[in-house]
Amino acid sequence: MTFDDALETLRHHADPAQVGAKTAYHKQTRVVLGVTNDVLNELSKDWRRELDVAGRVTLARDLWQSDIFEARILAAKLLTQARIKDDAEVWDLLVSWVPEFDSWAIADHVCSALSKRLMAAPERLDTVESWTTSEHMWTRRAAMVATLPWAKLPNPKPAENAARDRILGWAETYVPDRDWFIQKCIAWWLRDLSKHDAARCQNFLDLHGPQMKAFARKEAGKYLRKAAEPTGETGAAEKTGS
């Protein structure tokens, strides 16, 4: 699978009728082909089976450099896999893309790939921590989005709890930032955390919630509120005012 083959395949699946809507929704200035996410998923699965790691890295690099919207998303999908032996080259390529983030869809797909490599080698959190002070908003946001697996762990081990607290420390430094995307990523992390560690989430909100934007505070506590809602006949009566 060469880059030219890949690009020809993408163009074959392009739907011109979707270009306008996708361009507007994702706020893109780069070329958008109108390829659906379902197609990108299937292509990435097929090409991961066909290519070894080195081949995938080469193709992903070329797809990214094309600066086509769907090609960049497909580049990330090619490298999204839990187990990759000798993944240093994959990690380095993914990290090199972070400073180029400029929209949420591309950033989120790369962050999904990054999260797999972080869970495989948690010491890489040292690299991610350096992103938290970047002047580039999307890089700061990536530090929270790429570390979401630590919020979702159902039974974290001591080292994983320590990482969880470390990442919450980053979130604390983000609270004064009024950027919508930064506030949203704090809320996203806390919302996912609340499903598995309600006490930690509530403690963060008790300490820092008043300084967060209202929408972010509400989103972060979404499942905490649901857990606190009364249930049964008594709860129904209370909710209806009876």
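The values are calculated or read from the model by the stated rules, or taken from the named source; none is laboratory data. Keep in mind it's a predicted model, so treat the numbers as computed, not measured. Counting neighbours? That spans all protein chains shown, and the Cβs are built from the backbone with ideal geometry, glycine included. These area figures cover heavy atoms from the full protein model, side chains too; ligands, DNA and RNA do not enter into them. Shrake-Rupley method; radii C 1.70, N 1.55, O 1.52, S 1.80 Å.
Would you mind calculating the gained length between residue 11 and residue 177 on full extension (0.36 nm times residue separation, minus the Cα-Cα distance), in nm to one decimal?
Values: separation 166, 0.36 × 166 = 59.76 nm, distance 4.02 nm.
Residue separation times 0.36 nm, minus the Cα-Cα distance, leaves 55.7 nm.
A crude spin-label estimate for the pair residue 227 and residue 199, with each label 7 Å from Cα along the Cβ direction, gives 1.1 nm. Here the Gaussian network model covers the chain, with springs between Cα atoms less than 10 Å apart; of 162, 220, 71, 162 fluctuates the most. Think of the chain as having a plus end and a minus end, set by charges on the Cβ of Lys, Arg, Asp and Glu; of 115, 189, 51, 189 sits farthest toward the positive end of this dipole. Stretching residue 215 away from residue 67 to a fully extended chain increases their span by 50.0 nm, per 0.36 nm per residue minus the current alpha-carbon distance.
Counting each pair of different Cα atoms once, what's the Kirkwood radius of region 1-135 in Å, rounded to one decimal? If you can, show how the numbers build up before the last one.
Values: mean 1/r = 0.0653 Å⁻¹.
About 15.3 Å, per the Kirkwood formula over Cα pairs.
Taking only DSSP H segments of four or more residues, each worth -39500 (n - 2.57), what value at 222 nm results for the chain once the sum is divided by all its residues, to the nearest 500 deg cm²/dmol? Each step should come with its number before you reach the end.
On the way: 16 runs with 171 residues, N = 242.
Taking each H run of at least 4 residues, the total per residue is -21000 deg cm²/dmol.
Remark: accessible surface ordering of 224, 10 (largest first) is 224, 10, probe radius 1.4 Å. Label sites at residue 123 and residue 207, each approximated as a point 7 angstrom past Cα along Cα to Cβ, lie 2.8 nm apart. Only the Cβ atoms of Lys and Arg (+1) and of Asp and Glu (-1) were treated as charged; on that basis the dipole of the chain about its Cα centre amounts to roughly 780 debye. Spin-label model, residue 26 to residue 159: label points 7 Å out along the Cα-to-beta-carbon direction sit 3.6 nm apart. The spacing between region 77-141 and region 1-16, judged by their C-alpha centroids, is 25 Å.
Based on Cα contacts under 8 Å between residues 6+ apart, the chain shows a relative contact order of 12 percent.
How large is Rg/Rh for region 75-186, to two decimals, with Cα atoms and a Kirkwood Rh?
Using Cα coordinates only, the ratio equals 0.94.
Using a Gaussian network model of the chain in which every pair of alpha carbons under 10 angstrom is joined by a spring, one finds that among 123, 70, 219 the greatest mean-square fluctuation is at 123. Taking the longest Cα principal axis of the chain as reference, the axis of helix 88-97 is set at about 80 degrees. Diffusion coefficient of region 56-138 by Stokes-Einstein, Kirkwood radius over Cα pairs, 20 °C, 1.002 mPa s: 166 µm²/s.
With point charges of +1 on the Cβ of Lys and Arg and -1 on the Cβ of Asp and Glu, referenced to the Cα centre of the chain, which listed residue (163, 80, 216) lies farthest in the positive direction of the dipole? Positive-end residue among those listed: 216. Divide the volume of the convex hull around the Cα atoms of the chain by the residue count and you get 165 Å³ per residue.
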